[in-house]
Amino acid sequence: MRNAVRIMRLDMRSVNTRSSILFIYLITDLVTVALAFSPMQKTAFLVGFGGLIGGSGACLITPFIASGQRGLDAFYALLPVRRRDVVNGHYLFAVTLGGLLLLNTWLIVIVLHWLRPTLFSADLPILIAFALVGPFMLLLMSSVQYPIVMRIGYEKAPYLIFLPIVAAGLVSGYIAGSSTDLLGPRGVFSARGYPLLGLSLAGGAAVFLVSLLVARRLYGQRDL
Amino acid sequence: MMVTGEEENLIVVDGLAKQYKEFTLHGIHFHLPAGYIMGMIGPNGAGKTTTIKALLDMIRPDAGTISLLGAATAADRIALRDSLGVQLDTTLYPDYWRVKQVAKSLRSFFPQWDDAYFDQLCTDMEIPLKTKYKSMSRGTQVKLQLAAALAHHPRLLILDEPTAGLDPLARDELLTRLQDFIADGQHSVLLSTHLTGDLERIADFLLYIRGGRQQFFGHVDDLLGQYVLIKGGLADLTPALRAALIGLRTHSEGLSGLLAVDQTVGLPDTLLQESITLEELMIYFGRGPHA
């Protein structure tokens with residue numbers, strides 16, 4: 001586990017992801033707050049939320065872009081870590097990004113609620129729960145992207161790797177468009193929808209785990 | 001230096017083979033005892049880097065065995081990475097890293113990492129501390145990799161084209177450093193290079209690969225002692241000599257080519273026999289089939 005954490009930190013350092021993600025979050029947060037004072041009001045949150053997922057999704061793949069361009073796989077191969085540790089580290093990087101996304105989304109919700117208490121009113125707990133959708137989608141994206149990139153590398157399939165981000169954008173758009181049904185009293189973030197929510201989270205976790213195992217196997221067989 | 005059977009081999013490769021779509025490495029075998037420098041030479045695409053990648057478990061060989069620092073399995077070899085310093089013939093670090101980031105990133109992975117030594121190496125090699133990796137010259141990038149490879153006090157160095165991009169002075173300093181590295185008889189260096197002059201100066205052993213096939217492994221003097229450079233007039237070029245000469249070159253004034261020493265018996269006196277250099281060996285072998 002210690003080696004996985006070290007690799008995760010290398011991923012963060014590899015393309016200055018730490019600064020990039022903080023910059024993306026800061027800009028998105030400021031835009032979201034500004035939009036909340038525009039006629040968009042409540043919808044501003046969903047716009048900002050989509051921006052955060054898109055930005056995080058882009059950061060998710062940056063270590064592999066760097067790897068394709070600069071031979072970071074060779075760099076990792078020279079370290080005293082097993083290949084499975086490298087894969088674990090990349091997935092831990094995705095989990096860390098998901099955590100940062102969740103924290104930042106909660107920060108936006110809380111700041112908007114503090115600035116404009118009437119904006120969300122009774123929907124605040126729902127939005128707090130809805131923030132989980134961000135890391136959920138991010139981890140699903142990584143579950144699709146990472147095994148591909150572990151096997152063939154970013155440079156051989158750049159467009160294939162960005163497909164999950166496009167899919168995430170479409171899903172985000174659908175959710176935003178159907179927010180009343182999804183977020184309202186009859187939606188998944190209601191007592192009636194909790195089993196569905198739980199099932200989705202469990203399914204997502206299973207997909208992530210299977211993806212991790214597949215990626216370990218694929219990366220273990222790959223010629224670097 | 002003489003090698004005895006009692007000496008510890010830091011590298012033992014036996015029957016290493018790897019097949020790609022357009023290239024095959026065939027049955028490479030060699031060993032490197034502690035206290036020696038081994039050079040790996042061959043034209044571009046000969047299989048030198050493939051051999052190094054196999055040693056580093058970056059590729060999975062189709063056949064053969066590798067023992068590195070006594071470790072015979074990939075897992076054991078990876079566990080011993082702290083005793084191995086590597087420089088590769090590729091850009092290795094992220095673009096915007098500076099010397100500080102390299103040290104910060106590697107320090108946590110290598111228990112024997114020595115910050116003071118790394119700083120000293122960077123100073124000695126005149127590596128600019130504030131320059132981003134991508135802005136460094138190729139030679140400086142190589143120097144930074146070398147400093148990082150040495151900074152955790154490895155027992156074995158594996159270097160792929162370490163002198164590429166270095167100016168003559170830096171190259172000279174590197175070769176001296178490598179000689180110092182093995183001076184205690186416990187350390188070894190495997191280096192791949194096109195600059196045969198460097199190898200003639202420091203290498204004890206030589207592995208010569210061409211077209212994925214091992215042509216020679218042994219002591220440098222043994223290899224150079226196996227062949228002579230033949231020069232003479234075209235009138236001396238008999239069919240038998242034509243068949244025996246390696247890399248035969250004919251021109252208006254005569255001929256030249258390599259000949260195995262044991263085939264020089266009975267040659268006419270009109271043919272000159274000269275000792276060869278590694279560079280001549282590579283050139284002539286590159287021209288024609290190995291007899």
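The values are calculated or read from the model by the stated rules, or taken from the named source; none is laboratory data. In this text the structure is predicted, and so the values were computed from the model without any measurement. All Cβ positions, even for glycine, are placed from backbone atoms using ideal geometry, and neighbour counts span all protein chains on display.
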What is the number of the single condition among (1) touching a residue at least 12 places away in the same chain (Cβ under 8 Å); (2) more than 14 Å from every other protein chain (Cβ to nearest Cβ); (3) within 27 Å of A:Q145 (Cβ to Cβ) that A:L103 does not meet?
(1)
Which of the residues spanning the stretch A:59-89 are at pLDDT below 75 and at the interface with chain B (Cβ under 7 Å from one of its Cβ atoms)?
A:A66, A:R70, A:G71
I'd like to verify a number: residues in the stretch B:176-195 that are free of Cβ contacts under 8 Å to residues at least 40 places away in the same chain and crowded, with 22+ Cβ neighbours inside 10 Å, how many?
0
When residues of the stretch A:139-159 are limited to those that are aliphatic (A, V, I, L, M) and at pLDDT 70 or above, the one farthest from A:L102 (Cα to Cα)
A:I152
If you go through A:F49, A:F93, A:F64, the only one that is in contact (Cβ under 8 Å) with a residue 40 or more places away in the chain and either farther than 30 Å from A:L224 by Cβ or of a type in the set (S, T, Y) (or both) is A:F49
How about the stretch B:239-291: which of its residues are under 10 Å from B:L229 (Cβ atoms) and hydroxyl-bearing (S, T, Y)?
B:S256, B:S275, B:T277, B:Y284
The one condition B:D76 fails out of (1) acidic (D, E); (2) farther than 24 Å from B:T24 by Cβ; (3) part of a loop (DSSP other than H, G, I, E, B) is (3)
Is it the case that A:V5 is closer than 18 Å to A:T96 by Cβ, modelled with pLDDT of 80 or more, within 11 Å of chain B (Cβ to nearest Cβ) and crowded, with 18+ Cβ neighbours inside 10 Å?
no
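Yes/no matrix, rows are residues, columns are (1) in a helix (DSSP H, G or I); (2) surrounded by 15 or more Cβ atoms within 10 Å (Cβ to Cβ):
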residue: B:D89; (1), (2): no, yes
residue: B:W97; (1), (2): no, yes
residue: B:L106; (1), (2): yes, yes
residue: B:W113; (1), (2): no, yes
residue: B:F118; (1), (2): yes, yes
residue: B:T123; (1), (2): yes, no
residue: B:I127; (1), (2): no, yes
residue: B:Q141; (1), (2): yes, yes
Failed criterion for B:G247 (all others in (1) within 30 Å of B:L68 (Cβ to Cβ); (2) assigned to a strand (DSSP E or B) hold):
(1)
Examine the stretch A:30-51 for a residue that is away from every other protein chain (no Cβ under 14 Å), surrounded by fewer than 18 Cβ atoms within 10 Å (Cβ to Cβ) and at positive phi, and state whether such a residue exists.
yes
Determine, yes or no, whether B:L80 is without any contact (Cβ under 8 Å) to a residue 24 or more places away in the chain, within 14 Å of chain A (Cβ to nearest Cβ) and over 21 Å from B:G212 (Cβ atoms).
yes
Here the residues within the stretch B:99-146 that are touching a residue at least 24 places away in the same chain (Cβ under 8 Å), of a type in the set (S, T, Y) and within 12 Å of another protein chain (Cβ to nearest Cβ) are B:Y133
Total residues in the stretch B:54-77, condition more than 18 Å from B:S188 (Cα to Cα) and facing chain A (nearest Cβ under 9 Å)
6
Have a look at B:G35, B:G45, B:G64 and point out the one that is part of a strand (DSSP E or B) and in contact (Cβ under 8 Å) with a residue 12 or more places away in the chain.
B:G64
From the list B:T264, B:T250, which residue is among the polar types (S, T, N, Q) and surrounded by fewer than 14 Cβ atoms within 10 Å (Cβ to Cβ)?
B:T250
Could you count how many residues in the stretch A:97-128 are crowded, with 20+ Cβ neighbours inside 10 Å and closer than 22 Å to A:V210 by Cα?
2
Selected residue (criterion: surrounded by the most Cβ atoms within 10 Å (Cβ to Cβ)) from residues of the stretch A:9-26 that are within 8 Å of chain B (Cβ to nearest Cβ) and modelled with pLDDT under 85:
A:S14
Filter the stretch B:78-117 for residues that are within 22 Å of B:Q186 (Cβ to Cβ) and acidic (D, E) and give the result.
B:D82, B:D114
